[in-house]
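Take a look at the structure below.
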Amino acid sequence: MIMGERKPLSEIKEMLEGYKKVLVLGCRTCVAVCMAGGDKEVELLGSLLRIASQKDGAELEIVEDAVERQCDIEYIEPLKEKVEECDVVLSMACGCGVQFMAELYANKPVLPAINTNFIGVTESVGVWTERCAQCGNCVLHLTGGICPIARCSKSLLNGPCGGSQNGKCEIDPEVDCGWQLIYDRMATLGQLDKLAEVIPPKDWTTSRDGGPRKIVREDVKEDVKT
Amino acid sequence: MKAGSNLERILSEGKFAATAELGPPKSADAELIKKKAELLKGKVDAVNITDNQTAIVRMSSIGAAKLTLENGLEPIMQMVCRDRNRIAIQSDVLGAYALGIKNMLCLTGDHQKFGNHPAARNVFDIDSIQLLSMMKGMRDDKVFQCGEEIRNSKKAPVVEPKMFLGAAENPFAQPFEFRAVRLAKKVNAGADFIQTQCIFDVPRFKEWMKEVVDLGLHEKVHILAGVMPVKSAGQVKYMKNNVAGMLIPDSLVDRMKGADDPKEEGVNFVVELINEVREIEGIRGVHIMAVEWEEMVPTIVERAGLLPRP
């Protein structure tokens, strides 16, 4: 899932300066799971903004709503009336949701309330960690199901580097050494011999380095409505 | 001879090599390089020119290596993967070779978090092992990483950069069991010589060297043992607690604490260490990392009986 965190209230307030009526719009998928932008968080942010606005004497009217996914046109199209009656949208979706809203409502400012952090998992209640760097060319079969691109601070393919100590990464004693994890898992699988092979330089064209990415499935593609 | 450097000559003649480090200044001060080169000339076979070590911006290793060469001392240009992608690295190596640089140490590089620009973006397009392989390909197969020949046009001559290729290995990082295997990967990728991380824990180092010898790697690559003269108990304690991938026994902290003249004791320690490690099977030289203490290197090599240099 896409993990995000709400921006500090001060930053959100600053973005909203000068606006009179805001639609605080949540997203009930990824960012709801990581407790950053779902219904509850919309309610909380709405209340915080109301209190702040009263305190500052700014007359900011707040409209709250949330949709299933802001990255799907079918869910955001029905918001048309609500968006039009507000002079700004504060999206609590990930960066995709913010942009898709802005694309659909071209003459309405859409502001981000969330910092989009990574693709990850819920490790335990309240703890989310990164797993995938979306390089577009998966190597997990070579590395025991643990991603060296996302889990090694230097994205080494032939690691571990000289900074691996007691299972931790040199950059932070809280961060696991991705290559220690890979090594341990390969040992468990009885596949340590695979790690002796030199993995050649990666082709990054499928990653962000190749420019904005697109997937087209001709078999399911519908003609764009005119 | 693959590159024809002084270091390559000494190692291939089976002579015990001695290298040191020459840290470039955190400024454009060419005079400082000259001063350090004067100190080290004739005392060691070549010096490592660090590449923005610990991610602190310093004079480029290429620039400082060229200045070192002009001052009569052979440089080993360090190159890290943190700041350059494969395009920049290959381009820089063409330039470095054209300037007369013949040794190169291929490193992954310290994370930028430790440096003075922690907000910088890192590159890590390739890693140190892939870098070795790319450099070997440029030298031996005369092609760029993409496969194209190293020539300006179809009619132009092939002019490939012939670097004597080094790499580092840290026997003290973990997992221990993988360290000799990782060395083998570096050798397979193209390393001609290895400089190890500073040795403080000699028993662990011997254990690793035994694995290296068992794998037959000492016959395929010249291994230089990394040593570091220490200055004070405080410095040793700091490294023990703050530098990842360093194993430092308490006995060294105690020894430095008890010393009347810690600097003298640090030199005694490193001279004893050089004498001990050179007896280990497979050790072909020593790499002295006197960080910002280059002036002590002549004394160390003299006391370790490494003078005159071949």
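Computed from the coordinates by the stated procedures, all read-outs in this text should not be read as laboratory data. Predicted model, so just to flag it, every value in this text is computed and none were measured. Note: ideal-geometry Cβ built from the backbone for every residue, glycine included; neighbour counts use all protein chains shown.
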Once the mean of 1/r over all distinct C-alpha pairs in segment B:94-165 is inverted, the Kirkwood radius in Å reads 13.9 Å
Quarter of the surface of the C-alpha convex hull for segment A:2-118, i.e. direction-averaged projected area in nm², equals 6.1 nm²
Given backbone amide H placed at 1.01 Å from N, residues whose amide H is under 5 Å from that of A:VAL88, ignoring those fewer than 5 places away on the same chain, are A:LYS21, A:LEU23
Any idea how far the Cα center of segment B:238-310 sits from the one of segment B:2-44, in Å?
18 Å
How are the C-alpha pair distances of segment B:1-155 spread across 5 Å bins, as whole percents from the shortest bin up?
2, 9, 17, 20, 20, 15, 11, 4, 1, 0
Over all pairs of distinct alpha carbons, what does the Kirkwood formula give as the hydrodynamic radius of segment A:116-180, in Å?
12.5 Å
Which of the helices in chain B meet the span-like rule: DSSP H, Cα axial reach of 27 Å or more, Kyte-Doolittle mean at least 1.6?
none
Amide H to amide H, which residues 5 or more places from A:MET3 or on other chains are under 5 Å from it, using H placed in the peptide plane?
A:ASN117, A:PHE118, A:ILE119, A:GLY120
Other chains' Cβ within 10 Å of B:122-134 residues: what's the mean?
5
What would the Debye equation give as log₁₀ I(q)/I(0) for segment B:1-44 at q = 0.14 Å⁻¹, counting only Cα atoms as equal point scatterers?
-0.46
Calculate the all-directions average of the projected area of the protein assembly as shown's alpha-carbon convex hull, and give it in nm².
32.6 nm²
The distance between the Cα centres of segment A:135-197 and segment B:166-215, in whole Å, is 18 Å
Quick check on chain B: of the DSSP beta bridges with both residues there, what percent are antiparallel, nearest 5%?
5 percent
Hey, what's the Cα Rg ratio for segment A:62-216 versus the globular rule of thumb, 2.2 N^0.38 Å?
1.38
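Averaged over B:170-176, how many beta carbons belonging to a partner chain fall within 10 Å of each residue's beta carbon?
That works out to 6 on average.
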For segment B:202-297, what D do you get in µm² per second when you plug the Kirkwood radius from alpha-carbon pairs into Stokes-Einstein at 4 °C and 1.567 mPa s?
90 µm²/s
Take the cross-link list B:LYS34/B:LYS185; A:LYS21/A:LYS214; B:LYS43/B:LYS66; B:LYS185/B:LYS263; B:LYS43/B:LYS263; B:LYS154/B:LYS185 and give me the ones stretching past 29 Å between alpha-carbons.
B:LYS34/B:LYS185; A:LYS21/A:LYS214; B:LYS185/B:LYS263; B:LYS154/B:LYS185
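For an R0 of 41 angstrom, estimate the FRET efficiency from the Cβ-Cβ distance between A:LYS221 and B:ALA119 and round to the nearest 0.05.
The value I calculate is 0.50.
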Pick from A:VAL216, A:VAL175, A:VAL88 the residue whose mean-square fluctuation is largest in a GNM of chain A, springs joining Cα atoms under 10 Å.
A:VAL216
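Counting only other chains, what is the mean number of Cβ atoms within 10 angstrom of the Cβ of each residue in peptide A:148-161?
Numbers: counts 1, 1, 0, 0, 2, 5, 12, 7, 8, 5, 12, 6, 9, 13.
Taking all residues of A:148-161 together, the mean is 6.
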If r is the Cβ-Cβ distance from B:SER153 to B:LEU99 and R0 is 22 Å, what FRET efficiency results, to the nearest 0.05?
0.45
For segment A:143-157, Karplus-derived ³J(HN,Hα) couplings (6.51, -1.76, 1.60; θ = phi - 60°; whole Hz; x for glycine and proline) come out as 10, x, x, 10, 7, x, 6, 7, 9, 9, 4, 10, 6, 6, 9
Which residues in segment A:1-40 have a backbone N closer than 18 Å to a point placed 7 Å from the Cα of A:GLU59 along the Cα-to-Cβ line?
A:17-23
Looking at the square roots a ≥ b ≥ c of the eigenvalues of the Cα gyration tensor of segment B:85-226, which shape do they give, rounded for a/c under 1.5, prolate if a/b is larger than b/c, or oblate?
oblate
With bins of 20 Å, the percent of all Cα-Cα pairs of chain B per bin from 0 is 33, 61, 6, 0
